Amino acid sequence: MTSPIRTERHDNVLVIVSDNPPVNALGQAVRQGLADGIDEALGDDSIEAVVIRCDGRTFFAGADITEFGKAPQGPSLPEALDRLEASDKPVVAAIHGTALGGGCEVALACHYRVAVPSAKIGLPEVKLGLIPGAAGTQRLPRLVGAEAALPLVAIGDPISARKAETIGLVDAIVGEDSLEADAIAFAKSKIGQPVPRASEGTANQDGVKNPDIFDQFRAKNGRRMRGFDAPNAAIEAVKAAGELSYADGVRKERELFTQLMTGSQSKAMRHYFFAERAANKIDDVPADTPLIPIHKVGVIGAGTMGGGIAMNFLSAGLPVTILEMQQDALDRGTGVMRKNYENTAKRGRMTPEQVEGAMGLLTPTLDYGDLADCDLVIEAVYENMDVKKQVFGKLDEVVKQGAILASNTSYLNIDEIAQATKRPGYVLGLHFFSPANVMKLLEIVRGAETRDDVLATCMKLAKKIGKVAAVSGVCPGFIGNRMLSKRQEQANKLIMEGANYWDVDDVLLEFGFPMGPFQMGDLAGIDIGWHRDPSKVTTVREALCAAGRFGQKNGKGFYDYDEARQRTPSDEVKQIIADFAAKEGNQQREISKEEIRERLLYPMVNEGAQILEEGMAQRASDIDVVWINGYGWPLYTGGPMFWAEQIGLETVVSGLEKHGLPVSDRLRKNATGGAGFD
Ligand code: T1G
């Protein structure tokens, strides 16, 4: 098999080129080729400088994740990079695309780094539950300083080439279309000069002079790091770069890396990495299905959902025509959209010009006729089947043939809606999650007659607007809400049977969810949809409303809130629930957090198995993608179905039986013999 690495002579410069699509991952053959190329360069006196670059769309995008968990094969990346850095001939990394993880570490082992303006550079290992494992945590701080290194290593977001140049990670920005030539010229200019080695740098002393930066970083990023092991290990490794010799620092990094690699969190997060990509694939739709061009989008409804949905397309540079029934509703909706963009700009994540650019693509209207030339129209009107059918009937008349008509419904039957049109093949569900311009999940609901090109187009469009999409079949609640209803059902039963409502919330918080159902109720407002008649009490929520407990908005709901919105469990609420339970004839008892956790989570897994059985989800990992991106299931456990497989499906089955809860045939079958779901 030919090596994915070749070398090319340009006078006295050797260019080592990797051609390993799709992302030049540093698999065994690439590492071997790299090592051989370095040997060739070092062994030939006529070679006075070296350039390392990649063919295709990107510089090395990291180690080959598919190799993880398998027996390591030499040569190791750290060894190859140490030999590279030890060279006395200048070695230049020529960066385009995304130099990530091991790719960034290759660049760090080079003596110089040049990049095209569009390149991005980063160490995203923490997103896989790891830290860099080829001395990135030791070379980077020595090159750019501990403070600049911390976000790169512990958060894992890439930075632009220009930002990289600012912090000293990149030495020069070169022409977008002349990377190789410019890199060769740069290398030639360094011949005869002492080579700078990142491992010998001293910029990391900033962390020694100001050791507070590490705790300050933890304090600033505590929320997003909560529950994850890797970010703290990353901070420790960067700190070690200032305290230990390079060799000892590398040993420390290796020790931390190995702990994480063999831990459950990295296994879960690597599962998720591939799950998210697998969700893009629709098993029975050919990958080369021709797509429907989408140049103009229509959104019906400028409320919270409609406005949020529209923003996704505007931010991706797609013109949107947004329709309301009344001018004041239209003005209010577009005003909220502008305000959202301006708040994003205030946080420095958009420029004022980008705000105007996005809003400039928006066409508000009261006239359905203005939707006629849209290629896709998404309705986000009142969740009522008759209303939806009316809207779709109107759209069918007005919007050009061949355009896609989508509903944002969160549970109504897409097939029934499609039948209200003469183009059922062009109808599907695009279920966004509130706030639609923030939440990453998009459930693409496939109707019985939805065409392949319509599905494939919406899947591609999802990626363009920055969503993570999964295909769902038509069933009440699709994938996410259908499983959520099982958890909610148990949560309500548990507090009727005597469980403390704050224990229910705390069990989910401790598991890693952002909040529990009763906290969520207080945040959203207990009184949403309340009939406002305090004498009519048929549910706990109506009892709370009758007691003037509306949620955070008036300082008391399930919890009492102080000025800082810190929550305290309320004896009054505990009594209201107990009285209500008594009225319903429920015997209350102490209920352990263990029982609460099993009764909240296991029925979700059981419902997920049923969803698979009915073909409402293509694969178990799609269900993981839905729950991680739409409901805050903790990423470091891999999602409900992966998590269940890790604790053992037979454990889930016996837990459900212990609590007298239903066990689907599919779950029982998959639990037998440890087969797993897929
Ligand atoms: N290894 C193996 N396959 C990879 C891969 C990788 N590192 N990165 C991408 N792929 C596959 C991916 O599964 C998909 O396959 C195809 O490439 C296109 O990817 C030693 C230990 C580079 C920004 O974490 O962030 O280095 O589905 O759909 O949207 O310290 O891929 O087509 O069969 O995502 O254009 C660190 C992970 C590894 C980068 C491109 N590196 N990759 O995004 O395409 S750990 C990463 C990405 C490490 C060192 C440590 C993105 C991308 P398929 P894609 P994209």
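The values are calculated or read from the model by the stated rules, or taken from the named source; none is laboratory data. Quick caveat: nothing in here was measured; it's all calculated off a predicted structure. Cβ: placed from backbone, ideal geometry, glycine included. Neighbour counts: every protein chain shown. These accessible areas exclude ligands, DNA and RNA; they are computed on the full protein's heavy atoms, side chains included. Shrake-Rupley method; radii C 1.70, N 1.55, O 1.52, S 1.80 Å.
Pop the C-beta distance of A547 and M515 into the FRET formula with R0 = 22 Å and round what comes out to the nearest 0.05. Once rounded, the FRET efficiency stands at 0.50. Highest average first, the peptides 119-130, 353-364 ordered by how many other beta carbon atoms sit within 10 Å of their residues are 119-130, 353-364. Enumerate the residues in region 229-265 having an amide nitrogen under 19 Å from the point lying 7 Å beyond the Cα of Q28 toward its Cβ. Output list for this probe position: empty. The antiparallel fraction among DSSP beta bridges confined to region 297-476 stands at about 15%. Given +1 at the Cβ of Lys and Arg, -1 at the Cβ of Asp and Glu and no other charges, the dipole of the chain around its Cα centre is 760 debye to the nearest 20. Solvent-accessible area per residue in region 297-476 equals 40 Å², computed with a 1.4 angstrom probe and all protein chains kept.
Against the chain, whose longest principal axis is taken from its Cα atoms, helix 212-225 shows a tilt of about 40°.
DSSP finds beta bridges in the chain, and of those with both partners inside it, around 30 percent are antiparallel.
Measuring between their Cα centroids, region 398-429 and region 599-678 lie 31 Å from each other. Given a 1.4 Å probe and every protein chain left where it sits, what share in percent of the accessible area of region 264-335 is carbon and sulfur? Carbon and sulfur: 57 percent of the exposed surface of region 264-335. A full extension of the chain between D415 and A345 corresponds to an added length of 21.1 nm, given 0.36 nm per residue minus the alpha carbon distance. Relative to the current alpha-carbon distance between V438 and A578, full extension at 0.36 nm per residue lengthens the span by 46.6 nm. Measuring r between the beta carbons of T538 and D370 and using R0 = 51 Å, the FRET efficiency lands at 0.70.
For the pair R226 and H10, a Förster radius of 51 Å applied to the C-beta separation gives a FRET efficiency near 0.50, rounded to the nearest 0.05. Net length available on complete extension from Q488 to M359 is 42.6 nm, with 0.36 nm assigned per residue and the Cα-Cα distance removed. Our note on the geometry: Cα centres of region 497-553 and region 314-341, 32 Å apart. The charge dipole of region 264-368, taken about the Cα centre with unit charges on the Cβ atoms of Lys, Arg (+1) and Asp, Glu (-1), comes to about 600 debye, rounded to the nearest 20.
Taking the accessible area of region 623-676, probe 1.4 Å, and keeping the other protein chains in place, the carbon and sulfur fraction comes to 53%. Remark: spin-label model distance K394-D571 equals 5.5 nm, labels positioned 7 Å along the Cα→Cβ axis. Students often get this wrong: which residues of region 245-260 have the backbone nitrogen under 15 Å from the point 7 angstrom along Cα-to-C-beta of T202? So the set is 245-246.
Take I292: with every protein chain present and a 1.4 Å probe, its accessible area is about 30 Å². Taking only protein heavy atoms and a 1.4 Å probe, the accessible area of region 543-620 is 43% carbon and sulfur.
To the nearest 10 degrees, how steep is helix 452-464 against the longest Cα principal axis of the chain, on a 0 to 90 scale? Helix 452-464 sits at roughly 60 degrees to that axis.
With respect to the chain, whose longest principal axis is taken over its alpha-carbon atoms, helix 28-43 is tilted by about 20°.
Tell me the per residue accessible area of region 5-262 using a 1.4 Å probe; a whole number in Å² is fine. Roughly 40 Å² per residue, with all protein chains present. Working from label points 7 Å from Cα in the Cα-to-Cβ sense, the T2 to E497 distance is 6.6 nm. Using a simple spin-label model with pseudo-atoms 7 Å out from Cα toward Cβ, Q73 and N384 lie 6.3 nm apart. Using a probe of 1.4 angstrom and keeping all protein chains present, the accessible surface of region 525-583 works out to 55 square angstrom per residue.
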